[in-house]
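For reference, the structure discussed in these notes is given below.
Read-outs throughout are calculated quantities, based only on the coordinates presented, and are distinct from any laboratory measurement. What you see is a predicted model, and the numbers here were worked out from it, not measured in a lab. Backbone-built Cβ (ideal geometry, glycine too); neighbour counts: all protein chains shown.
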Amino acid sequence: MGTWGSGNFESDTALDHLSIVVDRLVTEVAEAMAGDPVDLEPDEYWGVAVPCNLELLHVLVQAGYGAESLPEAGVVKEWQRTFMAVWERTVDGLGPSPRFKEERRSVLNRTFDQLADAITRHLTADPN
């Protein structure tokens, strides 16, 4: 395996590992989106973990890693529609304050939007 620098991601092995991590995060989100919508409710595991995965993917893309392994921005926007429909339909049953509900909605939408935007920027970036 090749090494071209002293950075944590400057070797073939490190990039192989990064690819495994990114693939796992994307696969988990894709499977959650295709699964039972109950699992996406705000008090369920995937209702919490999906936004975490998206945030981690965004951080990696912002750092210059993993964007080539992500789905198209349109897929992320479809995930957003699916996720937010479940969230809107079920969040009131948890009794959130109006302020929390508004703030959380904003954070969730921003989480999906920022990843979709980062993917779009990566795809349209000048390679030179």
**Asked** What angle, in degrees between 0 and 90 and rounded to the nearest 10, separates the Cα long axis of helix 45-62 from the longest principal axis of the Cα atoms of the chain?
**Response** 30
**Request:** Find how many whole Å separate the alpha carbon centroid of the range 54-110 from the alpha carbon centroid of the range 1-43.
**Result:** 17
**Message:** Can you find, among Asn53, Gly64, Ala118, the residue sitting farthest towards the positive end of the charge dipole of the chain, where Lys and Arg contribute +1 and Asp and Glu -1 at Cβ?
**Reply:** Ala118
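Return the calculated 222 nm mean residue ellipticity for the chain, to the nearest 500 deg cm²/dmol, obtained by summing -39500 (n - 2.57) across DSSP H runs with n ≥ 4 and dividing by the residue count.
-23500 deg cm²/dmol
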